[in-house]
Structures are given as C-alpha cells and as structure tokens.
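Step one of this worksheet: look at the structure below.
Just so you know, all these numbers are worked out from the coordinates, no wet-lab data involved. The shown structure was predicted, so the numbers you read here are calculated from the model rather than taken from an experiment. No Cβ is skipped: glycine too gets one built from the backbone with ideal geometry, and neighbour counts run over all protein chains shown.
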C-alpha cells in the first residue's frame with residue numbers, strides 16, 4: 001500500500017500545479033470587461049477552449065505522469081476505444097487484494113485542466129484511506145487521448161469507462177462509486193442519473209462542482225452574465241441531480257474562488273438521494289480542498305458505510 005506521508009507530499013504538488021492553472025477561466029473576463037462584442041465571440045465561438053483547457057498546465061497533452069512514478073505496483077495502463085472512434089487513456093489501479101474494499105472500484109473523473117497523471121496523488125490517498133480500486137479515465141482531447149473535448153463527447157467517454165468496468169471480468173462483480181471533481185462532477189451526475197437502474201453503482205462523490213455552465217458564467221465572466229444563453233456547453237447538473245437515487249457525498253470547499261460554494265449547496269438541496277452527506281471544508285478553495293483535514297476521512301466513512309449497508 002502507498003505510504004500516506006509520501007502521498008501527502010505528492011498531493012501538495014498536485015494542488016500547487018492545479019492552482020497555477022485555476023485562474024485560466026477568469027482571464028477572459030478581466031481582459032474583455034466592457035467589450036460586449038469580444039465577450040459574445042468568446043462565449044459562442046471560443047467556449048470549448050475556455051471550458052476545456054486541456055493544454056493547461058504547460059505540456060499537459062504530452063507530459064502525463066505514470067503510476068510507476070508514484071510507487072504503484074499493481075496497476076494497468078490502458079487504451080480504451082469509444083463507439084465513435086476515439087481512443088482513451090486510462091489507469092486501473094488496484095487496492096490491496098483481498099482487502100475490505102477489494103470489490104469496490106472508484107471511477108474517477110477529473111476537472112477541466114491537467115490530466116489523469118496529475119491526479120495520481122489523489123488515487124494514492126484514496127487507496128491508502130479506503131483500500132478500494134481506482135479507475136481513472138482520460139477524457140478525449142486530454143493527455144494522450146485522441147479527439148477534441150465537448151459536452152457530448154465527454155458523456156460518451158464516461159459511458160465508455162462505465163461499460164468497460166461492467167464488461168471486464170475482474171470488475172464486473174464490483175460495486176462502483178463514481179467520483180467527480182469540478183467539471184468531473186457534472187460528468188458524474190449525468191452518468192449516474194442515466195445508469196443507476198442497473199444496480200451496480202453504489203454511490204456518488206461530488207467535489208466543488210456547479211449547477212450548470214450557464215449558471216456558472218456570471219461568476220467566472222461577470223461582464224458576460226447576460227450572454228450566458230450563448231453557452232452551448234450546458235452541463236445541466238441542477239436538472240439531473242434530482243433523479244440520482246444512490247447515496248451521495250458532497251465535498252464543498254467554502255473558499256472556492258472559481259465555483260461559488262452556493263452551487264454545491266444548491267445541488268445538495270436538490271438531491272433526492274436516499275443518503276446525502278454534506279461535508280464542508282472551511283479552508284478549501286477550488287483545488288486545495290483535497291488537502292483539507294477530513295477530506296479523505298469523509299470519503300472513507302462514506303465508502304465503508306456503503307459496504308456495510310449492502311452487507312446487511
């Protein structure tokens with residue numbers, strides 16, 4: 001099992017890297033304040049570049065850290081085809097074989113910058129805290145995955161990942177918990193809402209995600225708040241989350257400078273999950289919530305509660 005103390009050090013590096021990229025979405029708002037024509041062009045024609053900055057931080061499309069760099073021993077590096085012709089990179093990392101959560105796999109979707117390699121320290125901490133397996137999918141247009149990111153494509157990618165776990169001999173008997181950070185939260189909500197009836201999705205974990213992209217625009221591009229209707233990358237989590245019927249954990253950094261914490265609170269209030277847990281992280285901003293005290297403990301308690309509940 002990875003050494004938690006080393007994981008904390010790696011985690012700090014990840015937070016620093018992602019924080020350096022966090023201001024990217026705010027730059028157009030600063031640069032174009034008061035220029036309606038520029039804002040209109042940005043929102044309508046350049047929104048994919050703003051929402052999916054896969055090249056941030058520098059070299060994120062080519063420099064993808066590998067599990068071996070973080071002392072993982074039991075893992076697979078995969079290339080998974082989609083039904084629309086893309087090839088997606090993925091990591092499947094096993095927890096301790098025969099451990100308490102060895103039949104539970106966390107399907108992880110990251111935020112809108114960086115790549116899956118940048119989140120390997122989070123996988124280390126998840127495994128150290130819970131003993132679960134972790135499946136990390138790289139979206140199209142990110143890291144070494146082919147294609148170009150957009151809302152419909154990322155939804156295809158998420159479904160591809162879930163179908164892979166359902167079809168793979170080792171994981172088809174596993175319980176699956178879907179875990180999404182920021183943009184990955186929107187990906188996760190839709191995936192769970194559309195697939196929960198099968199019965200193998202046991203839970204949903206959301207961190208610092210938004211109600212919808214249109215409702216987020218006034219925060220990240222204040223001068224464009226009256227132009228939000230031009231956003232065709234909608235991600236309507238607020239209309240989907242009432243349909244989610246699996247236990248849900250909400251991890252909310254109360255100092256989030258990108259997505260107002262009110263978005264997470266409203267998603268919590270809209271949820272009709274049979275069990276919903278609100279975990280505020282008082283000092284956590286958009287990227288540093290993972291290093292807040294109690295973050296991984298809350299996930300461990302949530303996963304252990306799911307396993308215990310299903311054994312009753």
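Would you mind checking region 123-146 for residues with the amide N under 17 Å from a putative spin-label position 7 Å along Cα→C-beta of residue 97?
131-134
For region 40-117, divide the Cα radius of gyration by the Kirkwood radius and give the resulting Rg/Rh value with two decimals.
Numbers: Rg = 16.4 Å, Rh = 15.3 Å.
Ratio of gyration radius to Kirkwood radius: 1.08.
Please compute the modelled spin-label separation between residue 243 and residue 74, points set 7 Å along Cα→Cβ, answer in nm with one decimal.
Here the modelled spin labels are 3.7 nm apart.
Suppose the chain between residue 226 and residue 170 were pulled fully straight at 0.36 nm per residue; how much longer would it get relative to their current alpha carbon spacing?
Numbers: separation 56, 0.36 × 56 = 20.16 nm, distance 4.97 nm.
Once the chain is fully extended between residue 226 and residue 170, it gains 15.2 nm.
Helix-only estimate, please: 222 nm mean residue ellipticity of the chain, summing -39500 (n - 2.57) across DSSP H runs of length 4 or more and dividing by its residues, to the nearest 500. Can you show the working numbers first?
Working: 11 runs with 119 residues, N = 312.
Calculated mean residue ellipticity at 222 nm is -11500 deg cm²/dmol.
Please give the peptides 254-267, 62-75, 158-171 ranked by average Cβ packing (other Cβ atoms within 10 Å per residue), highest first, as a rough proxy for protection. The partial results should precede the final answer.
Values: 254-267: 18.7, 62-75: 14.9, 158-171: 17.0.
Listed from highest to lowest mean packing, they are 254-267, 158-171, 62-75.
In nanometres, what is the gap between the two model label sites at residue 200 and residue 155, each 7 Å from Cα along Cα-to-Cβ?
Between residue 200 and residue 155, the simple spin-label model gives 2.2 nm.
How would region 231-312 be classified by its alpha-carbon gyration tensor: rounded, prolate or oblate, with rounded meaning a/c under 1.5 and the a/b versus b/c comparison settling the rest? Please list the in-between numbers first.
Numbers: a/c = 2.48, a/b = 1.15, b/c = 2.15.
Oblate, because a/c is 1.5 or more while a/b does not exceed b/c.
Could you tell me the calculated FRET efficiency between residue 63 and residue 272, based on Cβ-Cβ distance and R0 = 30 angstrom, to the nearest 0.05?
Numbers: r = 42 Å, r/R0 = 1.39.
Here the calculated transfer efficiency is 0.10.
Rg (Å, one decimal) plus Dmax (Å, integer) for the alpha carbons of the chain?
18.3, 60
Rg (Å, one decimal) plus Dmax (Å, integer) for the alpha carbons of region 190-246?
14.0, 44
Is region 54-213 best put as rounded, prolate or oblate by its Cα gyration tensor, with a ≥ b ≥ c the root eigenvalues, rounded for a/c under 1.5, and otherwise prolate when a/b is larger than b/c, oblate when not?
Details: a/c = 1.43, a/b = 1.13, b/c = 1.26.
Verdict is rounded for region 54-213.
For residue 146 and residue 301 in the same chain, what is the full-extension length gain: residue separation times 0.36 nm, less their Cα-Cα distance, in nm? Please list the in-between numbers first.
Details: separation 155, 0.36 × 155 = 55.80 nm, distance 3.66 nm.
Length difference between fully extended and current span is 52.1 nm.
Can you tell me the relative contact order of the chain? Whole percent, Cα pairs under 8 Å, sequence separation 6 or more.
Details: 626 pairs, mean separation 55.3, N = 312.
Relative contact order, the chain: 18 percent.
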